[in-house]
1. With a ≥ b ≥ c taken as the square roots of the eigenvalues of the C-alpha gyration tensor of segment 77-148, please select rounded if a/c is under 1.5 and otherwise prolate if a/b is larger than b/c or oblate if it is not?
2. Taking 22 Å as R0, compute the FRET efficiency from the Cβ-Cβ separation of residue 100 and residue 51 and round it to 0.05.
3. Determine the shape class of segment 172-259: with a ≥ b ≥ c the square roots of the Cα gyration tensor eigenvalues, call it rounded for a/c under 1.5, and otherwise prolate if a/b is greater than b/c, oblate otherwise.
4. For segment 192-227 and segment 63-121, write down the distance between their C-alpha centroids in whole Å.
5. Could you sort the peptides 323-329, 306-312 by per-residue average Cβ neighbour count (10 Å cutoff), highest mean leading?
6. Using a 10 Å cut-off on Cβ atoms, rank the peptides 111-122, 264-275 from the highest mean neighbour count down.
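Please treat every number below as a calculation from the coordinates, not as lab data. Because the structure is predicted, anything quoted here is derived from the model rather than measured. Using ideal geometry, Cβ is built from the backbone for each residue, glycine included, and neighbour counts are taken over all protein chains shown.
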């Protein structure tokens, strides 16, 4: 699908508005010319009448002498001329007329207090005349006429004369269009720069981002959203690279050991199958943990916790402990469980079960004595549920509490496991809106999770995300969760 040009989309309305402005200006100019033409049309007749009156002289016998300038005498005597007159005495009788008239013009009275009578149009076709009357000094009335050339023709003539002058505006209109094009280019220049910055982002430059500097306010939300998407992609890309590097680092040693065992078996002609099976089991377990960690890192972030189902964390803890009890007994250790009947959290039951299992295995492999697992609500007034896994060991050395949650971190190189258990624990806790930490100076790990019982309404339901074991509880369990 072809896109559209933002520049043309901006320039188009600007040109249309500019054209509308020019059209409105021309219409306004036409109206002004029409008004001026009407005034001119009226004014010339009245000036003609005034010119005639100024040429009248009263004689001693009471008669009137018409003394006009040569130009007017010629105009009034020309048979084909456009001007004519008729002079009426005080009684309204015609006493004189121009020589180009076959008969007097019609008498047009002048109202008292008025200098001129209204303009009238008489005749048709070529004989169409516009007449106006005014009083003479001796009380008579003079009616002057001019051949009617038509007000519209006069206006058109004046408009055409002015329109030719308007053509001088054409260069200015062209300059305005060029300026509009330059303004749109200048306005879109930050967007062009942002597109170049976006094009530079890639595997070779995963940290590059689009700068909001100079961008209009309307575009900045889009840029912020794109930068956020790039951050998430970069984080996912970094996680994939980290998983790949971790896998290569973790599998190098067991694969090298297995390769040496097989080379030795080829030279000796015998295979130490228990040792080979043990190495293969270690590699299999490590790959499984790496895949599990990668899957958990790809789970939705904390912002999506509200969409997760409500599960009974007490049941999840009991189920995870039940699966590890045989292993605990095989090592001559004891496991004590102290959990309430119902503790509600939002999450994925399978992931939470893995979290508890890894905590218990960490206490089994790296701790000593009795292992205690418990559930409680935070003492600080926060709406958190705390999972405590405690053994009788000394825990991690002071200052290494955070380092213990890193991938492949092991206090002792010869201890079992790949050093991924606590990394999985923290990843699951954080993906559920919580966290995991060591209590300094003790074999005590605390995991905090948001308490779903603090929500306005709480209900448990089956969910594919929660696994087959995340069965709904009965009404008494729901009531207990709501009461906390």
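1. Oblate.
2. About 0.85, to the nearest 0.05.
3. prolate
4. 85 Å
5. Descending mean neighbour count gives 306-312, 323-329.
6. In decreasing order of mean packing, 111-122, 264-275 become 111-122, 264-275.
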